[in-house]
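The values are calculated or read from the model by the stated rules, or taken from the named source; none is laboratory data. In this text the structure is predicted, and so the values were computed from the model without any measurement. Please note: Cβ atoms are built from the backbone with ideal geometry, for glycine as well, and neighbour counts cover all protein chains shown. The accessibility values were calculated without ligands, DNA or RNA, using every heavy atom of the protein model including side chains. Shrake-Rupley method; radii C 1.70, N 1.55, O 1.52, S 1.80 Å.
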Amino acid sequence: MSRSLSSGLRSLRTAAFGADPAGERLARIHRSPNFADGSFQNPVGAQSRPSGSTAVEFAKVYFRKEERLRRSPTGTVPVHATTLADLAKPPASGLRLTWMGHSSVLAEIDGRRVLFDPVWGERCSPFSWVGPKRLHPVPVPLAALGPVDAVVISHDHYDHLDMPTIKALAGTGTVFAVPLGVGAHLERWGVPADRLRELDWHDSTKVAGLTLTATPARHFCGRGLRNQQHTLWASWAVTGPEHRIYHSGDTGYFPGFQDIGAQHGPFDATMIQIGAYSEWWPDIHMTPEEGMRAHLDLQGGRPSGVLLPIHWGTFNLAPHPWSEPGEGTVDAASRAGARIALPVPGQPFEPAADLVPSEPWWRGVAVEPGGGWPRVVPGAPGTRHSEDAEDTGEPEAARVG
């Protein structure tokens, strides 16, 4: 690379790109059993993006007008109106989840608060003027959310690690649990080193009486113009005195879910990535069917606990229709006999409660398929037949179990 080109690329590297690991952090990366041949390795091989002629074919599909229309909501995406008031009351069961959109989830577990992959920014991009834009507002202003005991980051992609959000949280005194190498970004953005817990796969740390464990995932990393694979990606198991939860981060399906479940489960709730999948990158993101399979693996093969679908609805990141991840999750749950929760962004729910949000709320603001919407099956786990109640246009709660 010419000196002038290198200089030009450096000038584009704003603070949002983060920082490269160096010093003892880099030495620790090199010592990791998951680092080989100059980069972190997946538990199972994975291709992260289309290449060559397949990239051209992908572009043709992605920019086709009809496909573009199906990838976005047709109206205003509903957001829960009373999130803060609901959160002011402690969860009766000791466990409550609030999906804020995409992969951001506030978990209240055994008297503690854990915030997963918080992204409050308008775009998942290093620049404010370009990149995938938020399709709905955040349900709660970050400053109004209140104190959290731990912020957990799955990996350093822009839709999971947002610089403005981290900078806002850096002054709150919270602890940040991140995969190995990701701490370099956070330190550049003002997070003190003594509030970082930087973990390799299978490492655990204690925060406020909770055990946070970085578990394997099948994905990749990188924020810069050159991706050196020097930051790790992870899923997370969080164990409290009474409850266990799991957050998948981004991952393709792999057999390791069974091992994670055997070591850290079964879980009261799993937060599973079911969006932004494509035939062009089948190894690094799961379809809803694969997400359900992962959930069952994590639960020892039994449809126990509640699955909260994440990584969909907030940003347009793949060629599939906007509503497809939600519809696919409903279908997969019905066939597996599993329980799911379908909250609108910002709607808290308790996995152990008799009632969880279960209406396909997205149908009111999505392009309807040619054959119409599938009928919600009466009595299916986590669902309620739409003819059983007056249609108010609002998401319903349904009995589970």
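Results, tabulated for the structure shown:
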read-out	value
Under 5 Å, built H, 5+ apart or other chain: amide partners of Ile340	Leu307, Gly382
Net charge dipole size for segment 212-286 [Lys, Arg +1 and Asp, Glu -1 on Cβ; Debye, nearest 20]	280 debye
For peptides 295-301, 253-259, 271-277, sequence by mean Cβ density within 10 Å, most packed first	271-277, 295-301, 253-259
Contact order relative to length of segment 109-172, as percent, for alpha carbon pairs under 8 angstrom and 6 or more apart	47 percent
Segment Thr14-Glu279, length gained on full extension (0.36 nm per residue, minus Cα span)	92.1 nm
Spin-label model distance (nm) - Ala92 vs Thr211, 7 Å beyond Cα toward Cβ	3.0 nm
Dipole in debye (nearest 20) - segment 115-207, about Cα centre, beta carbon charges: Lys, Arg +1; Asp, Glu -1	300 debye
Pair Ser39, Arg188: separation of 7 Å Cα→Cβ label points (nm)	1.9 nm
Length gained when the stretch Glu122-Arg31 is fully extended (0.36 nm per residue, less Cα-Cα span)	29.0 nm
Under 5 Å, built H, 5+ apart or other chain: amide partners of Phe267	none
DSSP bridge orientation in segment 91-200 - percent antiparallel, rounded to nearest 5	55 percent
Distance between modelled label sites at Thr74 and His202, nm, 7 Å Cα→Cβ extension	5.1 nm
Accessible area (Å², 1.4 Å probe, nearest 10) - Lys133	110 Å²
Rounded Å value of the spacing that divides the Cα centres of segment 239-253 and segment 81-132	15 Å
Estimated FRET transfer efficiency (Glu242, Arg363; beta-carbon r; R0 45 Å; 0.05)	0.80
Gain upon complete extension [Arg302, Thr172; 0.36 nm per residue less C-alpha separation]	42.8 nm
